[in-house]
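Please read the structure below before turning to the comments.
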Amino acid sequence: MRVGIIGGGITGLALTHALAQRGVDSILLEEADDVGGVIRTSRHDGRVVELGPQRTRLSPPVRRLVDELELRGEMVEARSGARLFIWARGRLRAVPNGPRGLLTGDLLSPAGRVRAALEPCTRGIRPRESVARYFRRKTGREAYGRLFGPLVSATFGSDPETMPAARVLPMFLDPLGVKRSLFAAARRWEPAAAPPAFTFMAGMATLPRAIARRHGDRVRVAAPVRELRRSGRRFEIAHGGPRPDSETVDHVAIATPAPAAAELLRAVAPAAADRLAGLRYHRVAVVPLQVESAPEGFGFQVALGERLRTRGVTWNASLFGRDGICTAYLGGGLDPGVVAWDAARLERTAADEYEAIHGVAATPIRTARPRLPAYDGSWAALEGLDVPPGITLTAGYTGRLGISSRIAEAESVAEQLAART
């Protein structure tokens with residue numbers, strides 16, 4: 001079997017590696033001049049600056065990949081004991097470690113703590129309710145606005161009011177052990193309960209670039225796919241670039257965002273293409289800042305209803321020893337209009353709000369605006385989606401976001417394809 005992989009983000013690259021580990025031939029085609037997709041690392045005055053994901057966790061799939069690529073020596077783990085904070089009621093408040101901290105700490109008012117304590121008495125997910133309605137019903141408006149709403153929004157870059165609970169919450173809760181009561185397993189937000197967070201000395205782009213180097217004979221960049229068509233029982237993938245050509249493969253794995261996947265499927269599965277074209281995405285503004293100092297911890301998310309346009313900040317300087325670097329996030333589903341601002345306004349807003357919160361100077365470096373799946377009502381189009389035999393969709397919209405989840409899904413797809421050889 002020969003597999004054609006379209007898309008050189010972390011999913012497509014991890015699938016390339018996993019297939020090679022299982023002895024399955026493959027070819028990856030990437031439109032851009034470099035691999036990595038939303039994982040983008042640059043440098044500013046010698047400092048590492050991330051324009052996409054700032055870190056991942058050393059989950060079992062990630063650990064296997066890092067070890068197989070011999071990258072352990074390049075890892076930088078988050079500082080021990082780092083905490084996440086929420087900006088609420090005019091100051092930063094630590095996210096509690098487990099249910100006792102939530103019910104005794106200062107994140108919630110006394111009335112909010114009493115209401116949240118009733119969560120074990122409430123029922124599970126109801127049909128057709130949103131993520132926001134689920135958490136308000138389970139834990140109360142205050143706990144939703146100050147904890148669960150910001151955490152869900154930060155995880156998906158979307159608006160919990162528009163996200164169907166039945167589709168989204170299993171991705172948010174189940175992989176982290178929350179099955180019945182949120183408080184019975186509330187360690188899902190406790191840093192000590194999760195695999196350690198880490199990055200690489202040269203930035204997160206180290207990982208995709210290492211895969212591309214390891215499998216250089218299987219990876220082609222600057223090779224935009226022009227057409228996907230059937231060729232008997234096989235498929236032809238026509239691509240452009242410096243060496244326009246076509247690849248004949250037995251199976252196609254499409255690891256691109258939904259709009260690009262829709263165009264690829266137009267000739268071979270028009271009904272599926274129409275559905276995928278309707279999936280909505282949100283843009284998030286990523287604004288790295290050069291700062292005088294940063295507090296100790298992961299960073300903070302902003303409680304819902306606050307007047308800040310910043311949705312959160314990662315304290316790279318303290319978390320990973322990134323000298324003078326922090327990263328602010330604006331926009332997403334909670335504030336989509338912000339991303340239409342020009343770069344100067346975005347950068348000025350991020351710097352001004354950092355200074356207002358921390359009381360130290362901040363200078364913006366640049367702006368990136370990656371797109372993330374909305375995981376909203378448009379995702380109903382995936383129900384009963386019918387793609388032809390021989391084609392697999394594997395991207396952010398087919399599962400959970402995050403580098404660890406993308407690598408895990410790539411391993412699963414590779415296992416299925418290897419079993420067919």
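Computed FRET efficiency, Cβ-Cβ of residue 345 and residue 25, R0 41 Å: what is it to the nearest 0.05? Intermediate values should be presented prior to the final figure.
Working: r = 49 Å, r/R0 = 1.20.
Once the sixth-power term is evaluated, E becomes 0.25.
Applying 1/(1 + (r/R0)^6) with R0 = 35 Å to the Cβ-Cβ distance of residue 123 and residue 155, what FRET efficiency is obtained, to the nearest 0.05?
On the way: r = 23 Å, r/R0 = 0.67.
So, using R0 = 35 Å, E works out to roughly 0.90.
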Tell me the label-point distance for the pair residue 308, residue 213, using the 7 Å Cα-to-Cβ offset, in nm and rounded to one decimal. 3.7
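Residue 243 to residue 221: extension gain in nm, 0.36 nm per residue of separation minus the Cα-Cα distance? Intermediate results must be reported in sequence, preceding the final value.
Numbers: separation 22, 0.36 × 22 = 7.92 nm, distance 1.05 nm.
Gain on stretching residue 243 to residue 221: 6.9 nm.
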The chain: calculated mean residue ellipticity at 222 nm from DSSP helix runs of at least 4, using -39500 (n - 2.57): -8500 deg cm²/dmol
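Of the DSSP beta bridges with both residues in the chain, give the percent that are antiparallel, rounding to the nearest 5.
Working: 46 of 65 bridges.
DSSP beta bridges in the chain are roughly 70 percent antiparallel.
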Take each of the peptides 252-260, 160-168, average the number of other beta-carbon atoms within 10 Å over its residues, and list them starting from the highest. 252-260, 160-168
R0 = 22 Å: FRET efficiency of residue 2 with residue 64, Cβ-based, nearest 0.05? 0.35
Among 376, 245, 352, determine the one that fluctuates most according to a GNM of the chain built with springs between C-alpha atoms less than 10 Å apart. 245
Filter the DSSP H helices in the chain by two things, a Kyte-Doolittle mean of at least -1.0 and an axial alpha-carbon span of 15 angstrom or more, and list the hits by number. 10-21, 343-358, 403-420
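Each reported figure results from applying straightforward, stated rules to the coordinates on display, with no laboratory input. The structure displayed is predicted, hence computed values, not measured ones. Counting neighbours? That spans all protein chains shown, and the Cβs are built from the backbone with ideal geometry, glycine included.
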